[in-house]
Amino acid sequence: MTTAIQATSINKWFGEGEARTHAVKDVNFEANFGEMVYVVGPSGSGKTTLLSMISGILRPDSGAVTIEGADIWSLAADALAEFRLRRIGFVFQDYHLFPRLTTAENVALPLILQHRDWDEALSEARRDLEVVGLENRARLPPVKLSGGEQQRVAIARAIISRPDIMIFDEPTASLDGDTGRTIVQFVREHLLSDKRCIVIVTHDSRIYEFADRILKMEDGRVTGVERSELDAQ
Amino acid sequence: MILELQSGILRIAYKLLVNDRTKFAALLVGITFAVFLMIEMTSLFAGILMRSSATVINIGASIWVMDPSVQTVANAIPLPNYVLDEVRSLPGVKYAVPLYSGSALLKLRDGSYQAANIVGLDDTSLIGSPQMVAGNIQDIFAENAFIAIEDSEFYKLESPHIGTEFELNDHRGKIVGLARVSSSSLFGVPTLYTTYYRALQYIPNTRFTISYILVEPKTPADVAAIKERVAADGYLALTKDEFMSKISRFYMYQTGIGTNMLLMTLISFIVGLSISGQTFYTFILENIDRFGALKAIGAKSRELVSMILFQATFVALTGYGFGVGLCALLIWLARAHLPDYAAMITFLNLGLAFVMVVIIAASSSYFGVRKVLLIEPFDIFRG
Ligand SMILES: Nc1ncnc2c1ncn2[C@@H]1O[C@H](COP(=O)(O)OP(=O)(O)OP(=O)(O)O)[C@@H](O)[C@H]1O
Ligand SMILES: [Mg+2]
């Protein structure tokens, strides 16, 4: 297996003086192509911070992040943006869908940012809305959708460009067990390949079965963990 | 090319803007209103300025010699005859003729009185004669002859025709022709043309009688020397354009009209700026986290900026179009009902309003752009 993402002793502090928190503490992290890696852990343990640093959104205060051997944090702002656009698909903890665009247009945004043809982008968006079971919502604005449906729209937006690295922050938090499982299963079966790598932050034990590896984050530190250990909790 | 490449992004920007009906309407109303007021005010002013120079425009002489204290063409200060002789003797002068410009009280056939402008054209040359629509200009030499100008005030002379008679200071006057001029006067009184000498005979005068001396230089290069020599004699020679701007300056700065118009224009600008600026800024703020999401996904700052600039430009141009249209419509309507309505949309007015709209758009987008450039994608990621 080739290494997709490698973070070497990365650190992140927030705030000043008394409020200063060490959110990510000297973390080493590795994810390989062909792998679906989960990060679990209590709220405030630094999961989102870690994801942001390994995906080129938040600059670590120290340490290095390489993706396929290339140091992403040495890229200039625009080059890094282009890198994220071409290689990474994101599901944010909140969905951040544009209320004035249709669901399909929201899903198509990454392709539109890649300057793809409009109609082509929208037909691909409809394809992925079908994947998340929302093919009949394509023309509605996201505000007409339930929370769970909006989350599925966000997932469709993350996978539409078939990026080789997918970073999902709690993608199933507002989905019922079956829907969440179905979607993650689809992602696992149809999108994961030996050229792709998926990192998922989750609290959702119902989808643990799809993970290749589960890491536990606690108070800014990452430790490996066995599934049985989690199931026992 | 850049626009072509980003057309999908701009299309998104367009949809974000237009699909937000309420804000889009508020933005349009703000800009339309501001543009309308700015153009209406300045057009009204332009119309007034134009009409205040009506005589200068209609006579059309290249150079006007006058007393230095003259402020507007309507208030001529008579010049002694020797000035005419001196001007005629200047090298570079092709010809110089006197012009009478004054006002008189006419007694119409129904016994009512009506004030009128009287223009007396030089008897030998008839320099500055109007364009005849009925009768012959030579009839101006006939006994008691006057030519009536068919402008918006014409009806105040009881819409005369050839042969209509009236009284002017106990002299009989008779209309021998009807003519047109390019600009009506500001003061709402009708205009009659006659010869210089008849004007002097019919209208009581001060010791000096020449209102203006109209000069034609031999070549345009002679103008400067003529002006200099006239100035040496203590009088003022102005080209047609200089005279018109002098009159405009008078109305602009020495009467209340100018300052009030300027103030109104400024107020409409500020109102438009604050309505549209405020609305546009709220519009950006409302979408700020989604702009942040776009940034996280991989939109470049340049692309986000172009989205905002596109939105601002689009609203500004649409509002500008509506404002200009509304203004043209209103002036047209007003003219249909008030022939005297002195508004005139000039390219300068349009340009001025355009510049102001550009300023409104630029300053509204400035704050939006700043806001969008400052968002941290991480904050979006964290929710
Ligand atoms: N911009 C910030 N300013 C100050 N503190 C921050 C900031 N971002 C994160 N933190 C702190 O860093 C720590 C880690 O936050 P993070 O969002 O990574 O946690 P998390 O594991 O994703 O939690 P959750 O499960 O609730 O999403 C928290 O203590 C949080 O308060
Ligand atoms: Mg989090």
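The values are calculated or read from the model by the stated rules, or taken from the named source; none is laboratory data. The structure displayed is predicted, hence computed values, not measured ones. Every residue, glycine among them, receives a Cβ derived from its backbone with ideal geometry; neighbour counts consider all protein chains shown. To get the accessible areas, we keep the full protein, side chains included, count just its heavy atoms, and leave off ligands, DNA and RNA. Shrake-Rupley method; radii C 1.70, N 1.55, O 1.52, S 1.80 Å.
Some values worked out for this structure:
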| item | result |
| --- | --- |
| Estimated Rh, region B:311-383: Kirkwood, alpha-carbon pairs, angstrom | 15.1 Å |
| Cα-Cα over 29 Å, subset of A:Lys12/B:Lys23; A:Lys47/B:Lys15; A:Lys12/A:Lys216; A:Lys195/A:Lys216 | A:Lys12/B:Lys23; A:Lys47/B:Lys15 |
| In region A:133-233, the trypsin sites (Lys or Arg not before Pro) that fall in loop regions by DSSP, at most 11 other Cβ within 10 Å | A:Arg139, A:Lys195 |
| Trypsin sites (Lys or Arg not before Pro) restricted to DSSP loop in region B:114-214 with at most 11 other C-beta within 10 Å | B:Arg207 |
| Nearest 10 degrees, 0 to 90: helix A:103-113 Cα axis against chain A principal axis | 60 degrees |
| Region B:80-234, relative contact order in percent, only Cα pairs under 8 angstrom and at least six apart counted | 35 percent |
| Peptide-level mean, for A:113-120, of C-beta atoms on other protein chains within 10 Å | 3 |
| Sorted largest first, extent of chain B alpha carbons per principal axis (Å) | 96, 51, 36 |
| In Å², nearest 10: area of B:Glu242 left accessible to a 1.4 Å probe | 70 Å² |
| Solvent-accessible ranking of B:Leu333, B:Leu108, largest area first, probe 1.4 Å | B:Leu333, B:Leu108 |
| Principal semi-axes in Å for region A:14-75 [√(5λ), Cα gyration tensor, largest first] | 22, 16, 8 |
| Extent along principal axes [Cα atoms of region B:80-234; Å; largest to smallest] | 52, 32, 29 |
| Pair-distance profile P(r), taking every C-alpha pair of region B:1-93, with 5 angstrom steps and integer % | 2, 9, 10, 11, 9, 8, 6, 6, 6, 5, 7, 7, 5, 4, 4, 0 |
| Region A:139-221: translational diffusion in µm²/s, Stokes-Einstein, Kirkwood Rh over Cα pairs, 25 °C, 0.890 mPa s | 179 µm²/s |
| For chain B, built as a Gaussian network whose Cα springs stay under 10 Å, the top-fluctuating residue of B:Tyr100, B:Tyr320, B:Tyr235 | B:Tyr235 |
| Bridge type composition, chain B - antiparallel percent by DSSP, nearest 5 | 75 percent |
| Gaussian network model of chain B, Cα within-10 Å springs - most flexible of B:Leu238, B:Leu200, B:Leu192 | B:Leu200 |
| Relative intensity, log₁₀ I(q)/I(0), of chain A from a Debye sum that treats every alpha carbon as a point, q = 0.08, 0.12, 0.15, 0.18 Å⁻¹ | -0.29, -0.66, -1.03, -1.40 |
| Nearest 10 degrees, 0 to 90: helix B:288-297 Cα axis against chain B principal axis | 60 degrees |
| Lys, Arg +1 and Asp, Glu -1 on Cβ, resulting dipole of chain A about Cα centre, debye, nearest 20 | 360 debye |
| Chain A - percent relative contact order, Cα under 8 Å, separation 6 or more | 29 percent |
| Carbon + sulfur, % of accessible area of region A:3-232 - ligands and nucleic acids excluded, 1.4 Å | 44 percent |
| Semi-axis lengths (Å, descending) of the ellipsoid that matches the C-alpha gyration tensor of the protein assembly as shown | 84, 24, 18 |
| Inter-chain Cβ neighbour average for residues B:7-17, partner chain, 10 Å | 4 |
| Estimated vicinal HN-Hα couplings, Hz - region B:363-375 in sequence order (Karplus 6.51, -1.76, 1.60; Gly, Pro = x) | 6, 5, 6, 3, 5, x, 4, 4, 4, 5, 5, 8, 5 |
| Extreme residue, positive dipole direction of the protein assembly as shown, given options B:Ser43, A:Thr3, B:Leu214 (C-beta unit charges) | B:Leu214 |
| Per-residue average of Cβ from other chains inside 10 Å of B:372-383 | 5 |
| Per-residue HN-Hα couplings for region B:214-230 [Karplus 6.51, -1.76, 1.60; θ = phi - 60°; Hz; x = Gly/Pro] | 8, 10, 10, x, 5, 9, x, 5, 7, 4, 4, 5, 4, 4, 5, 5, 5 |
| List B:Tyr251, B:Tyr281, ordered by accessible area with a 1.4 Å probe, largest first | B:Tyr281, B:Tyr251 |
| Selected from B:Phe291, B:Phe45, B:Phe269 as most flexible by GNM, with chain B as the system and alpha-carbon contacts under 10 Å | B:Phe291 |
| 26 Å Cα-Cα reach of B:Lys227 towards lysines, excluding residues that sit fewer than 8 places from it in its own chain | B:Lys94, B:Lys218, B:Lys240, B:Lys246 |
| Relative contact order (%) - region B:31-154, alpha-carbon pairs under 8 angstrom, separation at least six | 16 percent |
| ³J(HN,Hα), Karplus 6.51/-1.76/1.60, whole Hz, each residue of region A:209-219, x for Gly, Pro | 4, 8, 7, 7, 8, 10, 10, 10, 10, 8, 6 |
| Between helix A:118-131 and chain A: long-axis angle, C-alpha atoms, 0 to 90°, nearest 10 | 70 degrees |
